[in-house]
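*Asks:* Have a look at the structure that comes next, please.
The values are calculated or read from the model by the stated rules, or taken from the named source; none is laboratory data. Nothing here was measured: the structure is a model prediction, and the numbers come from that model. Backbone-built Cβ (ideal geometry, glycine too); neighbour counts: all protein chains shown. Surface areas here come from the heavy atoms of the whole protein model, side chains and all, with no ligands, DNA or RNA. Shrake-Rupley method; radii C 1.70, N 1.55, O 1.52, S 1.80 Å.
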Amino acid sequence: MRAELVAMRGGALWLEREAWPEPLDDTYGALLPRDEAAVLVGTIDDVVVGFGVVVVETLRSGARLGVLTDLFVEEPAREVGVGEVLADALVEHCRVLRCVGVDATALPGHRAAKNFFEGHGFTARALTMHHRIDPDTT
């Protein structure tokens, strides 16, 4: 997932700011016992071909918001429903925890991710704009 996304527009900064820190075994392992988080894998014939992660945040009002931080399916296994099953299970996790909604991020230009999320009832609620500053420019 990281290799695919880091090459896209916005991917390098995503890796530095939003992606879970390495070592990933420790990071994801720390999420497993947390009731407000879900770490799931998607399989075909008992082979892991994808994964998804959601964490639940408590907002200032006390309401809860699910944040889908990771959703990835290996290229050969896309278009067969693995991502859909993972997304549905992660949203259901948030529903059970009485979240007011679920946020997910798609990088700019990643049309497939945007279409996937829109096909599952997600709509844009904010756009993050970024102005790159070249340190060599005075």
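*Asks:* Which of the residues spanning the stretch 1-18 are outside any helix (DSSP H, G or I) and surrounded by fewer than 16 Cβ atoms within 10 Å (Cβ to Cβ)?
*Replies:* Once the filter is applied, which keeps residues that are outside any helix (DSSP H, G or I) and surrounded by fewer than 16 Cβ atoms within 10 Å (Cβ to Cβ), the stretch 1-18 yields Met1, Ala7, Met8, Arg9, Glu18.
*Asks:* Let me confirm something: among Val55, Val80, Val48, which residue is within 21 Å of Val96 (Cβ to Cβ) and among the aliphatic types (A, V, I, L, M)?
*Replies:* That would be Val55, the only listed residue that is within 21 Å of Val96 (Cβ to Cβ) and among the aliphatic types (A, V, I, L, M).
*Asks:* Then there's this: Can you pull out the residues in the stretch 38-71 that are more than 15 Å from Asp88 (Cβ to Cβ) and of a type in the set (A, V, I, L, M, F, W, C)?
*Replies:* Val39, Ile44, Val47, Val48, Val49, Val55, Val56, Leu59, Ala63, Leu65, Val67
*Asks:* Would you check if Thr27 is within 21 Å of Gly83 (Cα to Cα), among the hydroxyl-bearing types (Ser, Thr, Tyr) and over 13 Å from the mean Cα position of the chain (by Cα)?
*Replies:* no
*Asks:* Let me ask another. Need pairs with beta-carbon distance below 9 Å; first residue closer than 12 Å to Val80 by Cβ and modelled with pLDDT of 95 or more and within the stretch 45-57, second part of a strand (DSSP E or B) and not β-branched (Val, Ile, Thr); sequence gap 6+ or separate chains.
*Replies:* As it stands, the answer is Val49/Gly42; Gly50/Leu40; Gly50/Gly42; Gly50/Leu71; Gly50/Phe72, since those pairs meet every condition given.
*Asks:* Please give the helices (runs of 4 or more DSSP H) falling wholly within the stretch 19-138 in which 3 or more residues are open to solvent by less than 40 Å² (accessible area, probe 1.4 Å), closer than 20 Å to Glu4 by Cβ and touching a Gly at 6+ places or on another chain (Cβ under 9 Å).
*Replies:* Hits in the stretch 19-138: 82-96.
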